[in-house]
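Here's the structure, in structure tokens; my notes come after.
The values are calculated or read from the model by the stated rules, or taken from the named source; none is laboratory data. In this text the structure is predicted, and so the values were computed from the model without any measurement. FYI the Cβ positions are ideal-geometry reconstructions off the backbone, even for glycines, and counts take in every protein chain you see. Areas reflect the complete protein model, heavy atoms only, side chains present, ligands, DNA and RNA absent. Shrake-Rupley method; radii C 1.70, N 1.55, O 1.52, S 1.80 Å.
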Amino acid sequence: EWEPAAPVTTMGQLAFFIEYLKQAGLFEGFVAGCPLHMTSPNAPAKRDVLGTMVLSVLAGHWRYAHITALRGDGVNAPLLGMRKVVSEDAVRRALAKIAPEAGVEWLREQLEYCTQPLLGEPWILDVDSTVKPLYGHQEAAEVGYNPTKRGRPSHVYHSYLMAELRLVLEVEVASGKEHTAKHGAP
């Protein structure tokens, strides 16, 4: 049925995905487990920061600056229980307040919550190594096997995926000399 007074958004299909997140309790768990703690009375709510980040990723954004495009959408934020879409600077500052170890642990718990039930079924681990040439001076950059830019320092990304699902389980960044499978995770 058509409702002429209903609010509309350019990301119409996102409302259905938000409903899925709410029914499964995934977004609630994501917010509750986040190690972000802000004490300032002027700080944005944790739910608003994380909701802005999730909406941005689901909209296909790959830079903080793209978050500004969400500011005019008044439909999806309330569906996630947010009061407002925060600025890209607020998201950047809030994410910087999360301790790296606590952030990795939080995201690992979220990933395991989604993947743990799948591990009871037969599946194939797909391991891939990708050489990324580097320019300038970057940490752990070493000259190693590099088929496209011989003699350049590089990093190697060891990626672990569930085949057929294309679900990334882990990505490790290693120096350019650690390109073989023996340097991957145990």
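The figures follow:
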| quantity | calculated |
| --- | --- |
| Nitroxide proxy distance, nm - points 7 Å out along Cα→Cβ at Leu119 and Val173 | 2.6 nm |
| Alpha-carbon Rg/Rh ratio, for segment 105-165, with Rh computed the Kirkwood way | 1.15 |
| Values of log10 I(q)/I(0), in the order q = 0.15, 0.20, 0.23, 0.34 Å⁻¹, for segment 65-105 under a Debye, Cα-only, solvent-free model | -0.47, -0.72, -0.82, -1.06 |
| Carbon plus sulfur fraction of accessible area for segment 135-179, probe 1.4 Å, in percent | 52 percent |
| Carbon plus sulfur fraction of accessible area for segment 72-120, probe 1.4 Å, in percent | 57 percent |
| Relative contact order computed over the chain (Cα-Cα under 8 Å; 6+ residues apart), in percent | 16 percent |
| Cα-based reach from Lys84 at 22 Å (exclusive), listing lysines while leaving out same-chain residues under 8 positions away | Lys22, Lys46, Lys97 |
| Label-to-label distance, nm, for residues given as Thr180 and Thr148 (7 Å Cα→Cβ offset) | 2.4 nm |
| Debye log10 I(q)/I(0) at q = 0.14 Å⁻¹ for the chain, Cα point scatterers | -1.00 |
| Highest to lowest packing among 57-65, 71-79, 153-161, scored as the average C-beta count within 10 Å | 153-161, 71-79, 57-65 |
| Contour minus Cα-Cα distance for Ser87 and Gln13 (0.36 nm per residue) | 24.3 nm |
| Summed residue charge, Cβ within 9 Å of Tyr160's Cβ, Lys/Arg positive, Asp/Glu negative | -4 |
| Calculated diffusion of segment 81-186, Stokes-Einstein form, Kirkwood radius summed over Cα pairs, 20 °C and 1.002 mPa s, µm²/s | 129 µm²/s |
| Residue-averaged [θ]222 nm for the chain, counting only DSSP H segments that reach four residues, each worth -39500 (n - 2.57) | -9500 deg cm²/dmol |
| Accessible area (Å², per residue) of the chain, counting only protein heavy atoms and a probe of 1.4 Å | 67 Å² |
| Local net charge near Ala174, Cβ-Cβ under 14 Å (Lys/Arg +1, Asp/Glu -1) | -3 |
